[in-house]
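To keep things clear, I will list the structure first and then write my remarks on it.
The values are calculated or read from the model by the stated rules, or taken from the named source; none is laboratory data. Predicted model only: the values in this text are computed from it and were never measured. Counting neighbours? That spans all protein chains shown, and the Cβs are built from the backbone with ideal geometry, glycine included. Surface areas here come from the heavy atoms of the whole protein model, side chains and all, with no ligands, DNA or RNA. Shrake-Rupley method; radii C 1.70, N 1.55, O 1.52, S 1.80 Å.
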Amino acid sequence: SPSPPPPPPPSPSPPPAPPVPPSPANCHIDNATGPVTYKFAPGNLFPNLPHFGYKQTMGAPLCCTLCLSFQNCSFWTYSPGTGPSGPECYGQPGGGCCYLRTAAAESGRQAAAAPIVSGSTKPIGPPPTCRDGTNCGGTNLWTQWTDTSPPNTTFCDKYRGWCNPGVMPYPMSKDLVGWEFKSGCNPGYGGGGYKSASADTFFPSWAADGKLYTGWTDGHVRDDVTFEVVTAKSEGSPPLYSITHGQAAIVGDDPFTLNITEVKAYSPPGYSAYPYGGRFPSGSLVYKGTWYYGTYYVPQYPAGPLAGGLLGPLVDFRRSTDFGKTWTEPRLNATGLSDNLFGEVGDLPGQPGGPARVKFGTPHWVDFGQELEHSPDGKAYLIGNGAQSPTSTQMWMLGDQVYLARVSPTAAAIDDGSQWEFYAGGHGADAKWVTGDVKQAAPLVEFTNHTGCTTMTYFAGIKKYVMSINTASNYPVMDGGNFDTWFLESDDVTGPWSLVTYMRQFGPQVYFSNHPSKFSAKQANTTAKTFDTFLMYSANYDPHSGLANPPNSAYHMNLQQARFDLSDAFAAKLKARYDADTATAAGTSGTP
């Protein structure tokens, strides 16, 4: 038979891509903290040119070369837009966007995403931290809030046309006599830079591995290790009401140089906010290797003054035994209004005029330290914002009462509403608890029209429980309104409670505030009569008016350096306790 024809000759290899011009010697790529941009920073070399003063170049090295040609150019950003035939800038072919800036841009860099490249004409380190508050818009001085007068019978703002009268029912504390923040010492996390916008609803839990694990939502969070940007949203749309929730690990021991990593989104098929329309993250608890991540319902609500029951119940706690890689979710999609852990029912979405109110809205775990270290009985405690009156206006920043529950920290118990115990009145050894019936739960704290999102932390260094409450200033306005923040303290998780401070229009719109126990001092400074801590919060998603204060309070994870002021008598009491503890430790160790 004839031989087969010879194979065709191989196709010629494509010509090599033209070499990328090398970067000049004085071009230093500024990506120590991931891609950054100077596009929006001050110091524009060409302020009269459109589109942030761009020039077109064919690549980042040429952008830097252009910067070096000007005596007053210090920073540059190259953004390669891709067109049909190559890079283009704002629809113009012939190269990507090159932005040139003066030295004034250094403090204004923001997080970016690849393939944006930025650099400088001299080496620079990571951006300055908020440890020096002047780097983040503050004075770096310890500061007391300007208006700490508690509500009274004439609690009105005649210029804005609202009133929220009421007499503070709790006496002033005799131990914790004030609270201060260090101005500007408030790093913002989640956006890749200390001032970048991100997301909200950060409520961390301190695990045995030293990390803090938290949920988040309604925005984006950039992973500080992988630089990946993840988004989440808690309001669904009919008919499926599908939602996405965020999760992350907060790594580090220095509050000013933390990394947000292990950032992921949770949105399995069928994960839904039905039947209320919104489903938001609540408290996280990590205990013995299991992460319990709670959610609660919020019916969709209009802007402007609110009325009626607009807060839904706690849904449940999904759990993970591999720190968020995989999850077990008891309720991907509820079957009805009462299909939730405690069987509570909120008013129908779009019909807030009904009588239904919930006791455990916006629920959060009490922070007892790492791995529930300081729980009084080994149980996990949950605190929530509630109301009972059918005429109350209830929302995540509006309410009348605070409620408390506890449970054994096991998956079987946490998943079973019948095993939960609800606080039913009394203080300390006289406190009463009822099992399995949320209807018998009694208020732990009550102040009509002045409660809202509530958290609680136990400070082992001073043996105090501190409750943080955020509530609407312009009652009953949330969106477009400012918020008040107030702290109560007690020697026992069940009270009685005393007022530390009431800060009107703090933020001016701080919400979801909590004191992470990881960043609190081990002991008070009994000479200065202070106890150091940090306040984590979300802020200013839609404030009514006023500049951000504390400085750098923004839509990201705020971590404000703070301290409580101690009375002379309490400082002396603590010193005596510390001295006794030291003597006991010395005696135990045999130290002379």
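Model label points for Asn259 and Lys522, set 7 angstrom from Cα along the Cα-to-Cβ axis, are 2.5 nm apart. The label point for Gln440 and the one for Asp492, both projected 7 Å from the Cα toward the Cβ, are 1.9 nm apart. Sorting 88-98, 408-418 by their mean Cβ neighbour count within 10 Å, with the most densely packed peptide first, gives 88-98, 408-418.
For Glu88, the residues 5 or more places off, or on other chains, whose built amide H falls under 5 Å of its own are Gly81, Thr82, Gly83, Gly95.
As an exercise, use a Förster radius of 45 Å and the Cβ-Cβ distance of Ser389 and Ala114 to find the FRET efficiency, rounded to the nearest 0.05. Efficiency computed from Cβ-Cβ geometry: 0.25. The protection proxy used here, the mean number of other Cβ atoms lying within 10 Å of each residue, ranks peptides 45-53, 356-364 as follows, highest first: 356-364, 45-53. Once C-alpha pairs closer than 8 Å and six or more residues apart are averaged by separation and normalised to the residue number of the chain, the relative contact order reads 12 percent.
Multiplying the residue separation of Ser237 and Ala412 by 0.36 nm and removing their Cα-Cα distance gives an extension gain of 59.8 nm.
Remark: the Lys573-Asp209 segment gains 127.7 nm on full extension, using 0.36 nm per residue and subtracting the alpha carbon distance. Note on Thr226 and Asp581: the extension gain reaches 123.3 nm, defined as 0.36 nm multiplied by sequence separation minus the Cα-Cα distance. Rounded to the nearest 20 debye, the dipole magnitude of the chain is 900 debye, with +1 charges on Lys and Arg beta carbons, -1 on Asp and Glu beta carbons, and the Cα centre as origin.
Loop-located trypsin sites (Lys or Arg not before Pro) in segment 371-456 (DSSP state not H, G, I, E or B) with no more than 15 neighbouring Cβ atoms inside 10 Å: Lys432. Given the choices (1) 31.9, 114; (2) 27.4, 111; (3) 30.1, 102, Rg and Dmax of the Cα atoms in Å derived from the coordinates of this structure is entry (2). Take the cross-link list Lys359/Lys439; Lys518/Lys575; Lys264/Lys325; Lys211/Lys325 and give me the ones stretching past 19 Å between alpha-carbons. The answer is Lys518/Lys575. The distance between label points at Lys122 and Gln419 comes to 6.3 nm (points 7 Å beyond Cα on the Cα→Cβ vector).
The residues of the chain expose on average 41 square angstrom of accessible surface per residue, using a 1.4 Å probe on protein heavy atoms.
Between the helical axis of 568-589 and the longest alpha-carbon principal axis of the chain there is an angle of about 80 degrees. Taken about its Cα centre, segment 197-237 carries a charge dipole of roughly 40 debye when the Cβ of each Lys and Arg holds +1 and the Cβ of each Asp and Glu holds -1.
Would you mind getting me the FRET efficiency between Asn152 and Phe70? Use the beta-carbon distance for r and R0 = 51 Å, nearest 0.05. FRET efficiency, Asn152 to Phe70: 0.25. Per residue, the average separation of C-alpha pairs within less than 8 Å and at least 6 apart gives segment 33-184 a relative contact order of 24 percent. Descending by average beta-carbon neighbour count within 10 Å, the peptides 241-247, 516-522, 465-471 line up as 465-471, 241-247, 516-522, the highest first. Relative to one another, the C-alpha centroids of segment 206-257 and segment 312-379 are positioned 18 Å apart.
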